Every structure is written in C-alpha cells, then in structure tokens.
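The values are calculated or read from the model by the stated rules, or taken from the named source; none is laboratory data. All values derive from a computational prediction rather than experimental measurement. Quick reminder, even Gly has a Cβ in these numbers, built from the backbone with ideal geometry, and neighbours come from all protein chains shown.
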Amino acid sequence: MSELHVAQVRMPKHVAIIMDGNGRWAESRGKPRTFGHKAGAEAVRAAITFARKKGIESLTLFAFSSENWNRPEQEVSVLMELFMSVLKREVSKLNKHEVRLKVIGDRAGFSERLQKQIAKAEQLTAANRALTLNIAANYGGRWDICQAAQRLAERVAQQQIAVTEITEATLASELELADQAPPDLLIRTGGEQRISNFLLWQLAYAELYFCDILWPDFNENAFAAAIADYSCRERRFGLTSAQLQQAILETDQKAGE
Ligand code: IPE
Ligand code: IPE
Ligand code: MG
C-alpha cells in the first residue's frame with residue numbers, strides 16, 4: 001500500500017452489520033437461544049455508542065430477516081417482544097443523543113401494536129442528525145427490490161413515467177435507504193460468510209468483513225478492528241489502481257490550491 005493511499009484512510013460513512021451468533025452464544029453457555037438475543041440487544045447499544053463517537057453517519061443493523069419467521073414460534077415471539085421492549089425503553093435515550101431511528105423492511109408483517117410503536121419512535125427522532133440508525137426488521141433484499149419495482153410499475157401504469165425511465169437511478173430511489181449513501185462496509189459476525197438476503201442492491205460496492213466473534217461479544221474493540229481493516233482496503237470501483245492513485249493525487253492538489 002502506498003503512502004498516498006494511507007493518506008486517504010477514512011472512516012466509513014455507512015456501516016451495515018449482520019448481527020449473527022446470538023443462538024450459539026447462548027447454547028455454548030447451556031442457556032436457551034433467547035438468552036442470546038437478550039445479550040445481543042446489549043451489544044447493539046455498544047455498537048450505536050461507538051458509531052456516534054466515530055462520526056459514522058449511518059448504521060444499519062440486520063435484526064430480523066424475512067426468513068427468520070420460519071424459526072420456532074417461541075423464539076419468534078421472544079424476538080418480537082424484545083424488539084417492542086427495546087424500542088420503548090431506548091427511544092428517549094436515542095433521541096437525547098440525536099439519533100434518528102428508521103425501521104426498514106415490511107412492517108405490515110408486525111402486530112399493529114408494534115407498528116404503532118415503530119411509527120412513534122420514527123416520528124420522535126425524525127429531525128435528529130448525529131447518526132441515522134436503520135433497523136432492518138422483516139427485511140429481505142429481494143423483497144426490497146420487488147417493492148421498488150412495484151412502485152415504479154405503478155407509476156408506469158398511471159402514465160407518470162415511461163418504461164425507459166426505469167433506470168438504476170429511479171429503481172434505487174424507491175429502495176429502502178434511498179435517502180442515504182450506500183454502505184461502505186458490511187460486517188458479519190458469527191463466522192458465516194454470506195449475505196443472507198440482506199441489502200442485495202445497496203451492498204454492490206461495500207467492503208465485506210467477516211469475523212468469528214459471536215454478536216453478544218462484539219464490543220468497541222471488535223468494531224474498531226473492523227474499521228481498521230476497512231481503512232486498509234483500496235476501493236477501486238472498477239478502476240485500475242493507477243487510475244485511483246491519480247484521482248487521489250488530483251483531489252489532493254485541488255484541496256491544496
Ligand atoms: C442472529 O443470531 C439474530 C437473529 C437472526 C435474529 P442467530 O439467532 O442467528 O444466532 P445463531 O446464528 O443461531 O448462533
Ligand atoms: C441473518 O442471520 C439475519 C440476521 C442477523 C437478522 P441468520 O442466522 O438468519 O442467517 P443464516 O440463516 O445463517 O443465513
Ligand atoms: Mg444465525
């Protein structure tokens with residue numbers, strides 16, 4: 001890695017995390033899986049604090065996938081209750097710390113009570129600017145792309161746009177997270193190296209970071225290690241390394257003028 005690139009080291013603006021390993025964390029302690037989910041909620045708090053401290057603009061956490069409904073009924077119901085109680089308990093704290101909360105995913109799948117709680121939390125924190133915290137719940141990347149396609153199709157049917165106006169830009173504008181830069185860094189804890197139907201479109205150019213740490217053990221040091229790894233990567237976006245170095249040089253020269 002050249003000196004030049006070191007000079008370019010930056011914090012990611014947007015970090016997405018697949019918080020995996022709660023069940024195994026609990027099982028390794030002889031406890032029910034739901035014990036791991038409760039411990040996982042604590043790790044969420046630590047991750048939010050870290051992100052705020054480091055000036056990360058968006059943090060997107062995968063809390064519940066559209067496929068997770070297929071888990072045992074009791075585990076699903078504990079997860080829903082946990083989501084509800086954490087929302088209730090933490091929202092004023094989030095608000096105090098200027099965190100804007102957004103829930104992404106198909107919320108129609110949730111109880112009316114939970115939907116109301118989500119809407120309330122989003123409204124309360126809507127004007128906050130320190131950090132945007134996106135919680136992906138009943139979220140699936142394929143669902144996200146489908147719902148965007150449906151919205152565009154509806155506009156074509158209403159003759160508001162032409163078929164040729166269905167472009168990468170217009171499709172992206174209908175996706176969840178359209179108001180934010182795409183994730184620069186995806187972290188997955190728990191040792192698996194897959195995307196599990198998370199942000200399929202938005203992760204197109206994210207740097208991927210997999211670690212074996214189980215989510216409840218993912219602390220500030222672990223988060224810092226992921227950022228340090230990210231900062232050593234060269235993000236080429238299809239260019240050659242030489243082109244990239246030239247572009248950095250030109251940017252630096254402009255900044256110096
Ligand atoms: C991630 O932990 C949390 C959710 C999917 C809700 P898991 O529950 O998947 O934990 P493992 O992967 O079984 O250990
Ligand atoms: C992905 O974890 C979803 C969340 C972290 C919420 P899973 O544990 O459900 O993923 P798979 O089943 O191992 O792919
Ligand atoms: Mg898992």
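The table for this structure:
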quantity	calculated
Count of segment 171-201 residues which are free of Cβ contacts under 8 Å to residues at least 12 places away in the same chain and within 13 Å of ligand 1 (Cβ to nearest atom)	1
Yes/no for LEU214 being under 19 Å from TRP25 (Cα atoms) and either among the β-branched types (Val, Ile, Thr) or in contact with a Lys or Arg (Cβ under 9 Å, 6 or more places away or on another chain) (or both)	yes
Qualifying residue in segment 142-150 (condition: touching a residue at least 40 places away in the same chain (Cβ under 8 Å) and part of a loop (DSSP other than H, G, I, E, B))	no
Residue, farthest from ligand 2 (Cβ to nearest atom), within segment 98-108, restricted to residues that are surrounded by 15 or more Cβ atoms within 10 Å (Cβ to Cβ) and not aliphatic (A, V, I, L, M)	ARG100
Selection from segment 24-61 of residues that are among the acidic types (Asp, Glu) and under 20 Å from the mean Cα position of the chain (by Cα)	GLU42, GLU57
Residue within segment 192-206 that is surrounded by 15 or more Cβ atoms within 10 Å (Cβ to Cβ) and among the charged types (D, E, K, R) present	no
Of all residues in segment 19-36 being more than 10 Å from ligand 1 (Cβ to nearest atom) and not in a helix (DSSP H, G or I), the one that is nearest to PHE198 (Cα to Cα)	PRO32
Filter pass, LEU87 being buried (at least 17 other Cβ atoms within 10 Å of the Cβ), away from ligand 3 (no atom under 14 Å from the Cβ), within 19 Å of PHE210 (Cα to Cα) and of a type outside the set (D, E, K, R)	no
Subset tally (residues that are under 18 Å from LYS54 (Cβ atoms) and at pLDDT 50 or above) for segment 1-18	8
In segment 110-128, the residues that are under 20 Å from the mean Cα position of the chain (by Cα) and either modelled with pLDDT under 95 or charged (D, E, K, R) (or both)	GLU122
Any hit, segment 211-222, residues being within 30 Å of VAL103 (Cα to Cα), surrounded by 13 or more Cβ atoms within 10 Å (Cβ to Cβ) and away from ligand 1 (no atom under 16 Å from the Cβ)	yes
Criterion (more than 9 Å from ligand 1 (Cβ to nearest atom), under 22 Å from ALA224 (Cβ atoms) and either assigned to a loop (DSSP other than H, G, I, E, B) or touching an Asp or Glu at 6+ places or on another chain (Cβ under 8 Å) (or both)) met by exactly one of ALA39, ALA43, ALA47	ALA43
Subset tally (residues that are more than 16 Å from THR34 (Cβ to Cβ) and either away from ligand 2 (no atom under 13 Å from the Cβ) or not aromatic (Phe, Trp, Tyr) (or both)) for segment 45-77	21
Subset of segment 155-209 [within 16 Å of ligand 3 (Cβ to nearest atom), of a type in the set (D, E, K, R) and in a loop (DSSP other than H, G, I, E, B)]	GLU192, ARG194
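Each row is one residue, and each column tells you yes or no for (1) of a type in the set (Lys, Arg); (2) within 17 Å of HIS14 (Cα to Cα).
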position	(1), (2)
LEU177	no, yes
ASP184	no, yes
GLY191	no, no
LEU200	no, yes
ASP212	no, no
ASN221	no, no
TYR230	no, yes
ARG236	yes, no
